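Right, one structure below, let's go through it.
The values are calculated or read from the model by the stated rules, or taken from the named source; none is laboratory data. Given the structure is predicted, the values throughout are model-derived calculations rather than measurements. Cβ: placed from backbone, ideal geometry, glycine included. Neighbour counts: every protein chain shown.
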Amino acid sequence: MNAVFYILAALTLAGGLATVLLKHLVHCALAVTVAFAGLALLFLQLDAQFAGFAQILVYIGAVAILIVFAILLTRGSELPKGGVFSSTWLVGLAIAAGVFAVLGWAVLQSVRAVPQQNAVPVVTVHDIGNALMGRYVLPLEIVALLLTAATIGAVIVAMHEKERQP
Amino acid sequence: MTPLATPLAGYLLVAALLFAIGLAGALTRRNAIMVLIGIELMLNAANLNLIAFWRFGPHPEALTGMMFAIFSIAVAAAEAAVGLGLVIAIYRHTNTTELDKINRMKG
Amino acid sequence: MQGAISFHPDSALSAIAQILWLIPAAPIVASGLIAMLKQPRRKAAATLAIGSLAFSLLLSLIAFGHVLSGWAHGAVVREVVNFTWFHFGSAHVDLGWVLDPLAAIMLVMVSFVGLLIFIYSVGYMAHDENFTRFFCFMSLFAGAMLGVVISNSLLLLFMFWEIVGLTSYLLIGFWYQKPSAAAAAKKAFITTRVGDIFFFLGIVWLFSQTGTLVLYKGGGGAIEPAALARLLSQHAGLGLSAAGAIGLLIFAGAVGKSGQLPLHVWLPDAMEGPTPVSALIHAATMVAAGVFLVTRMYPLMQIGAHPGGTTVALTVVTWVGASTAVFAALIAVAQNDIKRILAYSTISQLGYMMAGLGLGGVAVGMFHLITHAFFKSLLFLGAGSVIHGCHEEQDIRRMGGLKVDMPLTFITYAFGMLALCGFPLFFSGFWSKDGILEAAQHWDVSKAPLVMLVVGALLTAFYMTRQVCYVFFGYWRGQKVAHESPKVMTLPLVILAFFAMALGLIGTPAWPWFHAFLENRGVKFNLHGFAEPGLGLLMLASSLVVFLGLGIGWWLYGNKSPEPEEPDALEKSAPWLWAGLRDRLYVDELYGVTVIAFYAWWARVADWLDRRVWGGIVAAVAWLFGLWAQLNRLLDVYWVDGGFDKTCEELSSSGGLLARVESGRVQNYLRILAAAVVALAAVLLWSSRP
């Protein structure tokens, strides 16, 4: 475990915490971008370069922007009166803590059973391209269809409704 | 902090913590967009899990973990788009994004 | 008695015996038909009634002729038709009718006298608006009386007896709007009912001892020798055999119906009914039914008598009859209503008939019954004619001199009066009454009845003379002018007057045809019949008594006509005696303070019991029920309903609770999902730990 991992982990987690705890929605959006960035760096550290750059491109480049747009369009910059946390935030926190507890427990319990290898994998983009067109061509097409449907759907859902004639 | 047995455990724990944080955000914030952000965080944590397992697993050259993660990213992006579009549509109807107030499905 | 075989020309019932049931049936059917007619249809009602009774008379004459021819041939005629009415268990109840001399004579008398009275009623009731109802009831009565006469079963006789009583009630209370008439009808019914209770007890006892109520049944009947022997052998206490006791009970029924001494109180009040009713029912027929009953049951009452002697039952009959004869005659002396005098006279004469039965046997009593039927109905119809002619006046002190205004009525009335008094030789009453006196003379038990009956004869002559003097002699004391009655009313009077004289001929000692006919023996005209020892003396003595009575009456009342307000001639001399006699010797008052007072007290007790005790119990039960109902209601409301309501509430609230799960809030759903996943994962991990 090297120090880079710890720093990157801290960065990601801080970004995540900040997302959840900040009041102003735009600040939250920026914080989540930091979290995304941290994750991308973690991917890079894990020698998953393609995944890391894909993360940067898609998440930071598209999803975060989309979130900001959505915040803008729904006037998220106005702070609600009753506070940003729901009245039963403790229950939610407890459940989240429970989830972490279970996951942590699972990890710690099974860590010895997982085979480990420390060799650095050599994966080229060429290999990824081959895989996409070969082995994973069906998921690829389905995801393409999904993306098309999502795009069309998002457009229709968010479109202004025509004024109905009485 | 106790030294972890393997590097994988560390990544997994980070992913778990990030997941829990994202879940906490989805469960406790009032704004609908915050819930979607929380969901994105959760998905990201899952992606981290996948890549970690790919890196430290027996056959990294099979690309399974990486492919899974890439597809996950793609789907998450599509889902974010649709979800945010829905939030905007709901905002237009009810003029609010507070989840407590959007309970038309009550009962 | 000659020959014990019933008269069978060819060992089968004669035709007339088989259709004998038509005789009572015709008037009853006519009554039913008249009941369905509307009031204005008078002609139809009268035609139906008279026609049916004429038909019955025709059949009765045929029956009489048949029995007569049988008697002439020297046979004992008793034709019986019995049939079973219903079975119960192993026993069965039989009914039937009988045709014998007694029945034949009674049939002719009842239908003939009845027919004449019906014809008379057409004129008498002409102004009455309930003409049809009158003839309906009269027809029913005639049919029932004829039924009594031919019954061969005590049960059937009792049923017709009751119908006779019913029609008597209906006819006495014919003008029911008059309170006195309604009260008289009730009194008649209740008083005869007292007698009927004893009668019924006698019937039940007889049935239990002999197992049958049929009188003649070819040897097995209730008054045939076998049954009588059995009854005689049983002892009933008080020194009586069962036969005697039953006989006395049955006689009690006759006492009620025939107005003998303790139960005579209804007959004078029964004069509230129309005069034809008084004539038919309370002179000729219904009251004679009691005498007829004793005659029918004579074998029962006579069994056990030593030859030449008598039984306890017959002795009682004699004493009751004789006492009634004198008692009623005394009261008749002081009455002022023309019909009441005749009513008491009827009671007295019925006493004579009963005494005759007890003293001398069936024929003696029955002969007087037949002659009495004719002259008494004649007297009543004559009285009705007088009342009609005097414009509904009934008080004799307001009449007088009617021999000039109503001559035909006067002559026929005189005939009847002389027959009743027993005027010697020419009138039937003399012969029939003398028969009774002769039997009294030969009675061994005591000579007191003879004395009582002679005194009664004297009083009879006296009060009848008084009545005739008041009504027909002297001068008119009424308001309007009197007039003679129409022919439809006077013609029956003439016919009856003829018979009042002629009937005497069939019962003289020289030719006692009546007695022979009834007792089934031969008879020849023989003037030596008069030569019986003591008979001539008796005839002379009774004639003297009659003349004495007539004389005293004429001397006291004669042509004088005292004003209504003046006291009577006798009253002046013995006012307290007169008062007692006029007030009917206080018998009604006696009943008032004893029987009626007791009954009123009993009714009060019963009322108190009913209201307080039974009513209290009923109220208590009702209150308990109310309580129970309240309890039920409470249970229902709080427990059942409450339970149900509570359940529904719980369901509803739990439904509400459950519905809260569907909050519509996405975050809650998410939380629950997460929690569920945590739980699931925990379970999995826990189960797979090494």
Original post:
Can you tell which of C:102, C:170, C:156 is in contact (Cβ under 8 Å) with a residue 12 or more places away in the chain and over 26 Å from residue C:249 (Cα atoms)?
Top reply: C:170
Original post:
Using beta carbons and a limit of 6 Å, which pairs, at least six apart or on different chains, have the first residue in segment C:411-437 and without any contact (Cβ under 8 Å) to a residue 12 or more places away in the chain and the second one of a type in the set (Ser, Thr, Tyr)?
Top reply: none
Original post:
Right, residue C:536: in contact with a Pro (Cβ under 8 Å, 6 or more places away or on another chain), at pLDDT below 80 and surrounded by 10 or more Cβ atoms within 10 Å (Cβ to Cβ) or not?
Top reply: no
**OP:** Report yes if residue C:614 is within 28 Å of residue A:102 (Cβ to Cβ), modelled with pLDDT under 90, in a helix (DSSP H, G or I) and more than 14 Å from chain B (Cβ to nearest Cβ), otherwise no.
**Re:** no
Subject >> Hey, residue A:119 part of a loop (DSSP other than H, G, I, E, B), surrounded by fewer than 16 Cβ atoms within 10 Å (Cβ to Cβ) and either modelled with pLDDT under 95 or more than 8 Å from chain B (Cβ to nearest Cβ) (or both) or not >> reply: yes
**OP:** Look at segment B:55-89 and say how many of its residues are within 12 Å of chain C (Cβ to nearest Cβ) and buried (at least 19 other Cβ atoms within 10 Å of the Cβ).
**Re:** 2
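So that you can scan it fast, the table gives a plain yes or no per residue for (1) among the small types (Gly, Ala, Ser); (2) assigned to a loop (DSSP other than H, G, I, E, B); (3) crowded, with 17+ Cβ neighbours inside 10 Å:
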{"residue": "C:216", "(1), (2), (3)": "no, yes, yes"}
{"residue": "C:220", "(1), (2), (3)": "yes, yes, no"}
{"residue": "C:228", "(1), (2), (3)": "no, no, yes"}
{"residue": "C:239", "(1), (2), (3)": "yes, yes, no"}
Original post:
Looking at (1) crowded, with 20+ Cβ neighbours inside 10 Å; (2) within 14 Å of chain C (Cβ to nearest Cβ), which is the one condition that is false for residue B:94?
Top reply: (1)
Subject >> Sole residue being at negative phi, crowded, with 17+ Cβ neighbours inside 10 Å and outside any helix (DSSP H, G or I), chosen from C:423, C:430, C:499 >> reply: C:423
Subject >> Candidate set: segment B:20-53, residues that are within 7 Å of chain A (Cβ to nearest Cβ) and within 27 Å of residue A:131 (Cα to Cα); chosen: the one surrounded by the most Cβ atoms within 10 Å (Cβ to Cβ) >> reply: B:44
Subject >> residue C:185 vs. criteria of a type in the set (Gly, Ala, Ser) and under 27 Å from residue C:590 (Cβ atoms) >> reply: yes
